[in-house]
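Asks: This structure is in structure tokens; I'll ask about it shortly.
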Amino acid sequence: MSSSNLKGFILAVVSSAFIGSSFIIKKKGLRRAGVNGPRASSGGYGYLLEPLWWIGMVTMVVGEIANFVAYVYAPAVLVTPLGALSIIVSAVLAHFLLKEKLQKMGMLGCLLCVVGSTMIVLHAPEEESLSSVQEIWDLAIQPAFLLYTASVIAVTLVLILYCSPRYGQTNILIYIGICSVIGSLTVMSIKAIGIAIKLTIEGTNQIVYFQTWIFAMVAVTCIITQLNYLNMALDTFNTAMVSPIYYAMFTSFTILASAIMFKDYSGQSASSIASELCGFITVLSGTAILHSTREPDPPLITDLYTPLSPKVSWYIQSNGEWKQKEDEGSTPNFITVLRQDYFK
């Protein structure tokens, strides 16, 4: 591993620790906010007034900054899979702090995610150095990447406008799908901005190019969208499930986007590509195991005063046999037992 990739590796590990912790802190903040007003999953924004949620946001920002710098030094196919470590952090913390029980098979799923990520990291390609943001812009306007960008926008609009209102509360893939596909464009934009900042610090001013500002606007728009739907996913579903599924989908789309834009796999041997593919399949297998061991969230009680339908059993003995008659809707304070013997 080159020194540049090593720096990216260390920063990615630090990033995963902070981001994994932020899931738990923000979820606790969302729970507190949901007690006093509309939940985020219902379109409420009361969590913006909750200090604990902002602590989680600060934690996530620190993690994202470390992640941001990691992308400057290493390719996305190396940095992104290391997000598996955030799965371990969030799953363990959720088990102890949120009482979201992690089954033994769930632990195996986490282990598979880490093993798969390790395989990907060990066979990650070296990134070609870029000397200006204009070079990145030329890569971004390739026909293949423009087609990918158009596809991402189309899928996102369908998920937001059609699927989210209908299935967002019951299907975990809707909110996370929005975060993941948009997230792939976020990473590409952030990588461009990071390289522009690095080159500017080194003496080659990149701020004067309009491409830098376009990448910045794309990144801000994508990040806001991601945060909104990630909050909705966290407030609706079990954190131990949101984190790994988000990781798997986000990693998949990011690696795909990076492969199209930066041609990461160009010049790699067939064995290296096969090893990375096996690692990716291992990660997906771990995610599937985690999903299969999910414990359903308790139903949300909307009306504490909704009466339960009482059921009263009346026992009657006739001709030596006991017969049961059920009466719905009655509210007696006792059960009447009629014995034929008493009337003889």
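The values are calculated or read from the model by the stated rules, or taken from the named source; none is laboratory data. Everything numeric here is computed off the predicted structure, so don't read it as measured data. As a convention, Cβ positions derive from the backbone with ideal geometry for all residues, glycine included, and neighbour counts pool all protein chains shown. Surface accessibility is based on the protein's heavy atoms, side chains included, excluding ligands, DNA and RNA. Shrake-Rupley method; radii C 1.70, N 1.55, O 1.52, S 1.80 Å.
Asks: Could you tell me whether any residue of segment 203-224 is touching a Cys at 6+ places or on another chain (Cβ under 8 Å) and either buried (at least 19 other Cβ atoms within 10 Å of the Cβ) or not in a helix (DSSP H, G or I) (or both)? Spell out how you get there, then give the answer.
Replies: First, the residues of segment 203-224 that are touching a Cys at 6+ places or on another chain (Cβ under 8 Å): none.
No, segment 203-224 contains no residue that is touching a Cys at 6+ places or on another chain (Cβ under 8 Å) and either buried (at least 19 other Cβ atoms within 10 Å of the Cβ) or not in a helix (DSSP H, G or I) (or both).
Asks: Between a residue in segment 50-64 that is in contact (Cβ under 8 Å) with a residue 24 or more places away in the chain and any residue that is hydrophobic (A, V, I, L, M, F, W, C) and open to solvent by 20 Å² or more (accessible area, probe 1.4 Å), which pairs come within a Cβ distance under 6 Å, given they are 6 or more apart or on different chains?
Replies: Note: pairs meeting the criteria are 55/25; 56/25; 59/18; 59/25; 60/19; 62/18; 63/18; 63/19.
Asks: Being among the hydrophobic types (A, V, I, L, M, F, W, C) and either closer than 27 Å to residue 5 by Cβ or not in a helix (DSSP H, G or I) (or both) narrows it down to one residue among 136, 178; which is it?
Replies: 136
Asks: Would you say residue 233 is buried (at least 23 other Cβ atoms within 10 Å of the Cβ), small (Gly, Ala, Ser) and in contact (Cβ under 8 Å) with a residue 24 or more places away in the chain? Steps first, answer last, please.
Replies: Working: buried (at least 23 other Cβ atoms within 10 Å of the Cβ): yes; small (Gly, Ala, Ser): yes; in contact (Cβ under 8 Å) with a residue 24 or more places away in the chain: yes.
Taking the combined requirement at face value, the residue satisfies it.
Asks: Here are some residues: 8, 109, 56. Which one is in a helix (DSSP H, G or I), farther than 18 Å from residue 246 by Cα and either open to solvent by less than 40 Å² (accessible area, probe 1.4 Å) or in contact with an Asp or Glu (Cβ under 8 Å, 6 or more places away or on another chain) (or both)?
Replies: Residue meeting the stated conditions: 8.
Asks: Ok, one more. Give me a count of the residues in segment 165-183 that are over 30 Å from residue 201 (Cα atoms) and without any contact (Cβ under 8 Å) to a residue 60 or more places away in the chain.
Replies: Qualifying residue count for the region: 7.
Asks: Going through segment 69-81 one residue at a time, which ones are more than 18 Å from residue 23 (Cα to Cα) and part of a helix (DSSP H, G or I)?
Replies: Correct list: 69, 70, 71, 72, 73, 76, 77, 78, 79.
Asks: Working only within segment 160-186, note down all residues that are over 15 Å from the mean Cα position of the chain (by Cα) and surrounded by 22 or more Cβ atoms within 10 Å (Cβ to Cβ).
Replies: Within segment 160-186, just 185 meets the criteria.
Asks: Scan segment 236-273 for residues that are in a helix (DSSP H, G or I) and open to solvent by less than 50 Å² (accessible area, probe 1.4 Å) and report the count.
Replies: Counting residues in segment 236-273 that are in a helix (DSSP H, G or I) and open to solvent by less than 50 Å² (accessible area, probe 1.4 Å) gives 24.
Asks: Select, from 144, 91, 84, 154, the only residue that is without any contact (Cβ under 8 Å) to a residue 60 or more places away in the chain, open to solvent by less than 70 Å² (accessible area, probe 1.4 Å) and not in a loop (DSSP other than H, G, I, E, B).
Replies: Sole residue among the options that is without any contact (Cβ under 8 Å) to a residue 60 or more places away in the chain, open to solvent by less than 70 Å² (accessible area, probe 1.4 Å) and not in a loop (DSSP other than H, G, I, E, B): 154.
Asks: Let me ask something additional. Pull up segment 122-141, narrow it to residues that are loosely packed, with under 15 Cβ neighbours inside 10 Å and among the aliphatic types (A, V, I, L, M), then point me to the one that is farthest from residue 213 (Cα to Cα).
Replies: Ranking the candidates gives 122 first.
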